[in-house]
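Participant: My structure is below; once you've seen it, I'll send some questions.
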Amino acid sequence: MEGLVQQVSSMARKKNNESGYTTRRKALKPKTENQTEYIKIISENDVTFCTGPAGTGKTAVAVGLACDYLLDKRVEKIVVTRPVIESGRGLGFLPGTFEEKIHPYLVPVLEEMQYRLNSNRVQSYREEGKIEVVPLEYMRGRNFHNCFMILDEAQNATFEQLKMFITRIGWDSKAVINGDIDQTDLQNKDRGGLEEFLERLEGVDGVGIAELTEADIIRNKIISRILDALYD
């Protein structure tokens, strides 16, 4: 019986490889209590805000859960966006195609997706429209139904941009908005949008707020020690 199980498993892996897919490389598993609570909050709410320093898993958890939702057919599509912070010139003045212009801003999210799904599946899903990555500035006027939406690096979004993103949420969709309020790249006059949203929406039905801390950092421990030294 054991030999038969191994043979069937081997045949399944071969079929997956021939079709251009391989099995999921890594299923989502929370690594801290706060990450577990973060997942619970996302599951129980239509809109979830998550704040915390770098390395705490804000993006990793959101992307991992989005991939699970897509594979389990609980949504039809993943939509990932983040603000494009430019240095003096608009995207139109930069060389290359639109995809090439925005790619550097989306690398962290795409790498996390590839970690969860593998490169072949991510590429195929993007071609099929099941995964869409788009700069926040290009979302105006659209509505996303039956989607898992992620706004990454939300500390770099203005109040108006955050409001625009929220109003893109369609029927049967879920949205996660995450950011590190201590690492904004915005000019002083544009800062504070994420903090204002958190203050105004606390207690609103269907909106959840999660907070990750230095204790949730799952990267090199030196990051936690450096952050402690910087912000103490």
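Participant: What are the residues in the stretch 58-78 that are of a type in the set (Gly, Ala, Ser) and open to solvent by 10 Å² or more (accessible area, probe 1.4 Å), if any? It would help to see each step written out before you state the result.
Facilitator: Applying the first criterion (of a type in the set (Gly, Ala, Ser)) to the stretch 58-78 yields 60, 62, 64, 66.
60, the sole residue that qualifies.
Participant: Now for a different question. Open to solvent by 10 Å² or more (accessible area, probe 1.4 Å), farther than 25 Å from residue 30 by Cβ and not aromatic (Phe, Trp, Tyr) - does that describe any residue in the stretch 216-225?
Facilitator: Checking the stretch 216-225: not a single residue is open to solvent by 10 Å² or more (accessible area, probe 1.4 Å), farther than 25 Å from residue 30 by Cβ and not aromatic (Phe, Trp, Tyr).
Participant: Please specify each residue of the stretch 134-177 satisfying the condition of being in a strand (DSSP E or B), surrounded by 21 or more Cβ atoms within 10 Å (Cβ to Cβ) and touching a helix residue (DSSP H, G or I) at 6+ places or on another chain (Cβ under 6 Å).
Facilitator: Of everything in the stretch 134-177, those that are in a strand (DSSP E or B), surrounded by 21 or more Cβ atoms within 10 Å (Cβ to Cβ) and touching a helix residue (DSSP H, G or I) at 6+ places or on another chain (Cβ under 6 Å) turn out to be 148, 150, 151, 176, 177.
Participant: Could you list, in sequence order, the residues of the stretch 116-133 that are part of a helix (DSSP H, G or I) and more than 13 Å from the chain's Cα centre (by Cα)?
Facilitator: 117, 119, 120, 121, 122, 123, 124, 125, 126, 127, 128
Participant: Condition first: in contact (Cβ under 8 Å) with a residue 40 or more places away in the chain, in a loop (DSSP other than H, G, I, E, B) and over 17 Å from residue 166 (Cα atoms). Now tell me which residues in the stretch 28-73 satisfy that. First the steps, then the outcome.
Facilitator: Keep residues of the stretch 28-73 that are in contact (Cβ under 8 Å) with a residue 40 or more places away in the chain, which gives 28, 31-32, 34-35, 37-38, 41-42, 44-60, 62-71.
From what's left, in a loop (DSSP other than H, G, I, E, B): 28, 31-32, 45-46, 52-57.
Passing the criteria: 28, 31, 32, 52, 53, 54, 55, 56, 57.
Participant: Filtering the stretch 178-187 down to residues that are of a type outside the set (A, V, I, L, M) and open to solvent by 10 Å² or more (accessible area, probe 1.4 Å), which residue is farthest from residue 47 (Cα to Cα)? Full working, then the answer.
Facilitator: Residues of the stretch 178-187 that are of a type outside the set (A, V, I, L, M), as a first pass: 178-180, 182-185, 187.
With open to solvent by 10 Å² or more (accessible area, probe 1.4 Å) added as a condition, the list becomes 180, 182-185, 187.
Working: 180: 17, 182: 22, 183: 22, 184: 22, 185: 24, 187: 27 Å.
The extreme case among them is 187.
Participant: Residues that are polar (S, T, N, Q) and at pLDDT 90 or above: does the stretch 180-203 have at least one?
Facilitator: If we filter the stretch 180-203 for residues that are polar (S, T, N, Q), which is where we start, we get 183-184, 187-188.
Filter once more, keeping what is at pLDDT 90 or above: none.
For the stretch 180-203, residues polar (S, T, N, Q) and at pLDDT 90 or above: absent.
Participant: Continuing with the same structure: Condition check: among the charged types (D, E, K, R), at pLDDT below 95, surrounded by fewer than 23 Cβ atoms within 10 Å (Cβ to Cβ) and within 24 Å of residue 220 (Cβ to Cβ). Does residue 111 satisfy that?
Facilitator: On the way: among the charged types (D, E, K, R): yes; at pLDDT below 95: yes; surrounded by fewer than 23 Cβ atoms within 10 Å (Cβ to Cβ): yes; within 24 Å of residue 220 (Cβ to Cβ): yes.
In short, yes.
Participant: If the requirement is being farther than 18 Å from residue 216 by Cβ, at pLDDT 80 or above, open to solvent by 90 Å² or more (accessible area, probe 1.4 Å) and not hydrophobic (A, V, I, L, M, F, W, C), which of these qualifies: 2, 44? Reasoning before the result, please.
Facilitator: On the way: 2 fails: at pLDDT 80 or above.
Residue meeting the stated conditions: 44.
The values are calculated or read from the model by the stated rules, or taken from the named source; none is laboratory data. These numbers were taken from a predicted model, which means no experiment stands behind them. A quick note on method: Cβ atoms are made from the backbone with ideal geometry, for glycine too, and the neighbour counts reach across all protein chains shown. Remember, those area values only see protein heavy atoms, side chains included, never the ligands or the DNA or RNA. Shrake-Rupley method; radii C 1.70, N 1.55, O 1.52, S 1.80 Å.
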